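Everything on this sheet refers to the single structure shown next.
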Amino acid sequence: MTQERIRHLLGIDDLNRDSAERLLDLADTFLEVSRRPVRKVPALRGKTIINVFFEASTRTRTSFELAGKRLSADVVNIGGSSSSTSKGETLRDTVNTLDAMHADVIVIRHAASGAAHYVARYARAGVVNAGDGMHQHPTQALLDAFTIRSRKGRDFRGMKVAICGDITHSRVARSNALLLKMLGADVALAGPRTLLPTAVESFGCRVYDRLEPALDGADVVMMLRIQRERLGAPLLPALREYARVFGLNATRLKLAKPDAIVMHPGPMNRGVEISEEIADGTHSVILNQVEAGVAVRMAVLYLAASEPGAPTDG
Amino acid sequence: MRTLLDPESVARGLRRMAGEIVERHAGASDLVLVAIRRGGLAVSSSLRDWLGELEGHQPPLGSLDITLYRDDASTALPNPRIGPSEIPCSLDGRHVILVDDVLYTGRTVRAAIDALMDYGRPRLVELLVLVDRNGRELPIQADYVLKAETIRNDERIDVFANESGIHAVVQSKSSPTIPPGAPRPEVK
């Protein structure tokens with residue numbers, strides 16, 4: 001029996017193909033827990049998990065909170081505006097403070113790329129990256145892979161995945177591209193030329209400035225959220241223009257395989273990157289992604305919060 | 001290594017225990033068997049066959065992985081390979097028999113009882129084991145025991161199943177888990 005601990009999960013590069021697959025297997029177990037009459041196991045009783053969200057997020061924070069609670073850990077949420085950061089405390093001091101409170105795991109969401117790595121450098125606690133700037137969002141990629149696996153089978157080799165939208169600013173796109181490539185999928189990135197990163201080849205993916213070639217024969221279509229706050233900026237055309245050229249609708253989806261699944265990390269801009277009928281249609285697995293999120297985060301927290309020690313028999 | 005139970009004596013013993021269950025409870029109508037993974041899997045499926053023969057229908061059979069309920073769950077190394085827990089029906093008001101291969105410290109059974117309660121509220125929970133060995137650390141006892149055995153501290157009891165049936169052997173603690181010459185196929 002392989003036993004290991006993931007102390008920090010900062011990015012997909014903390015995993016390899018083997019450990020990623022084991023983590024997804026473990027998430028299967030936790031999915032079962034979420035479907036029971038009593039949705040709680042005592043695995044992390046007495047452990048403390050602190051969610052530090054310097055950037056607003058309802059979905060991810062709730063998902064991490066439920067994941068911790070379903071493992072019986074004590075979960076505390078700290079938000080950016082209510083924290084001492086607004087009083088001028090440095091991130092370093094925040095980390096020291098949480099360590100002094102004997103946190104076992106710190107889950108951090110921050111607008112600055114690299115924030116989770118910074119925290120991990122100074123924290124005694126395990127650190128889980130819940131999204132840092134334009135860098136990574138590893139648990140999102142893992143829950144996406146989990147969702148794909150439960151629909152399309154465990155073997156990602158030869159599977160065609162299209163990731164569409166604002167690739168440059170998307171940590172979801174980056175983590176997903178890295179993980180799906182690692183698992184063996186054939187990944188295509190598509191978006192307006194202004195929203196494709198300059199070093200995009202380094203992902204090892206096919207890259208298109210139109211949606212159609214990426215959708216062609218795809219098994220999985222992953223739409224990214226257009227961040228409205230970036231609209232009107234010189235990088236992006238108008239909203240309606242974006243929907244017309246880069247939005248996923250029924251006509252475009254016909255280019256993908258008949259049994260293709262459509263994913264979105266949420267929150268959705270209905271009628272912009274994804275049409276109403278597709279979002280609510282039979283291809284959509286968007287709510288399955290939400291359910292998978294709790295299971296995957298339970299697996300990550302379980303591995304991060306358990307301490308090394310001698311296993312006993314009984 | 002010495003043999004404690006050969007397949008024939010296990011089969012005979014399980015048939016006897018099936019009869020005991022039916023007799024003690026005047027039938028097996030509300031019975032649910034729950035195997036403790038993985039040791040209890042082979043024993044429970046064989047027991048179910050015997051109950052089916054006696055009663056004309058087989059009781060539902062489920063399984064529990066107790067890893068997340070261990071009393072050392074948060075201090076032991078995490079186990080990234082946790083098997084599925086499958087409870088096929090509601091346990092409310094049912095008569096549950098937990099099935100394991102060896103009863104030793106009692107900690108596994110303690111964890112299994114906790115896990116069971118998260119699936120419902122059984123009317124009665126009993127414990128059936130193939131071998132009851134010395135070394136209890138909790139006040140837990142079995143209701144049905146095929147064989148009670150006292151072994152030395154440097155010994156261990158291994159139960160395994162192959163094509164010929166279920167075996168129980170006593171061997172040195174330091175020896176590898178799979179007895180030589182005995183393939184240990186995945187038992188469903």
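The values are calculated or read from the model by the stated rules, or taken from the named source; none is laboratory data. Since this is a predicted model, take the numbers as computed values, not measurements. Quick reminder, even Gly has a Cβ in these numbers, built from the backbone with ideal geometry, and neighbours come from all protein chains shown.
Things worth noting here:
- So A:Arg149, is it touching a helix residue (DSSP H, G or I) at 6+ places or on another chain (Cβ under 9 Å), modelled with pLDDT of 95 or more and in the same structural domain as A:Lys181 (by TED's automatic domain parsing): yes
- Qualifying residue in region A:10-24 (condition: within 9 Å of another protein chain (Cβ to nearest Cβ), of a type in the set (Asp, Glu) and in a helix (DSSP H, G or I)): no
- Filtering region A:41-65 to residues that are at the interface with chain B (Cβ under 7 Å from one of its Cβ atoms) and either of a type in the set (A, V, I, L, M) or touching a helix residue (DSSP H, G or I) at 6+ places or on another chain (Cβ under 9 Å) (or both) leaves A:Val41, A:Pro42, A:Ala43, A:Leu44, A:Lys47.
- Pick from region A:157-187, criterion touching a strand residue (DSSP E or B) at 6+ places or on another chain (Cβ under 9 Å) and in a loop (DSSP other than H, G, I, E, B), ranking: surrounded by the most Cβ atoms within 10 Å (Cβ to Cβ): A:Gly165
- Applying a threshold of 7 Å to beta carbon distances and a minimum spacing of six or more residues, or different chains, the list of pairs starting in region B:103-120 at a residue that is over 16 Å from B:Asp132 (Cβ atoms) and ending at one that is in a helix (DSSP H, G or I) and of a type outside the set (Val, Ile, Thr) reads B:Ala111/B:Tyr69; B:Asp114/B:Tyr69; B:Ala115/B:Tyr69.
- Only one of the listed residues (A:Thr29, A:Thr2) is loosely packed, with under 15 Cβ neighbours inside 10 Å and at pLDDT below 95. That residue is A:Thr2.
- Residues satisfying the stated conditions in region A:275-314, i.e. at pLDDT 90 or above, outside any helix (DSSP H, G or I) and of a type in the set (A, V, I, L, M): A:Val285
- Tally, over region A:188-223, of residues that are under 22 Å from A:Leu239 (Cβ atoms), surrounded by fewer than 18 Cβ atoms within 10 Å (Cβ to Cβ) and in contact (Cβ under 8 Å) with a residue 40 or more places away in the chain: 2
- Any hit, region B:137-150, residues being at pLDDT 95 or above and in contact with a Phe, Trp or Tyr (Cβ under 9 Å, 6 or more places away or on another chain): yes
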